[in-house]
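First comes the structure, then the notes that go with it.
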Amino acid sequence: MLLVVVVNVGAPYAKYILNSSLLACDYLPMGVFLPFLFVVTLVNPLAEAACLRALSPNDLAVVFTMSLVG
């Protein structure tokens with residue numbers, strides 16, 4: 001859910017305030033891919049190492065899809 005909020009707030013901010021390229025308008029938006037890559041490479045392994053419940057591949061697919069749709 002946090003990734004959806006970041007994309008929906010960050011994309012208009014990047015377009016209208018920073019006058020930069022769109023973060024959410026591409027085949028694979030960087031505004032979705034980079035935070036998702038952060039979750040997969042850092043957050044998920046740290047949660048697993050701390051004996052917490054890490055996200056399964058199905059959970060990660062739902063997170064990525066929600067970020068794209070949101």
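Can you find even one residue in region 26-47 that is surrounded by fewer than 13 Cβ atoms within 10 Å (Cβ to Cβ), out of contact with any strand residue (DSSP E or B) (no Cβ under 7 Å at 6 or more places or on another chain), modelled with pLDDT under 85 and not aliphatic (A, V, I, L, M)? Taking every residue of region 26-47 in turn, at least one turns out to be surrounded by fewer than 13 Cβ atoms within 10 Å (Cβ to Cβ), out of contact with any strand residue (DSSP E or B) (no Cβ under 7 Å at 6 or more places or on another chain), modelled with pLDDT under 85 and not aliphatic (A, V, I, L, M). Every condition in (1) more than 28 Å from Y13 (Cα to Cα); (2) of a type in the set (G, A, S); (3) surrounded by 11 or more Cβ atoms within 10 Å (Cβ to Cβ) is met by S67 except one, and the failing one is (1).
The values are calculated or read from the model by the stated rules, or taken from the named source; none is laboratory data. Remember, predicted model here, so these are calculated numbers, not experimental data. Quick reminder, even Gly has a Cβ in these numbers, built from the backbone with ideal geometry, and neighbours come from all protein chains shown.
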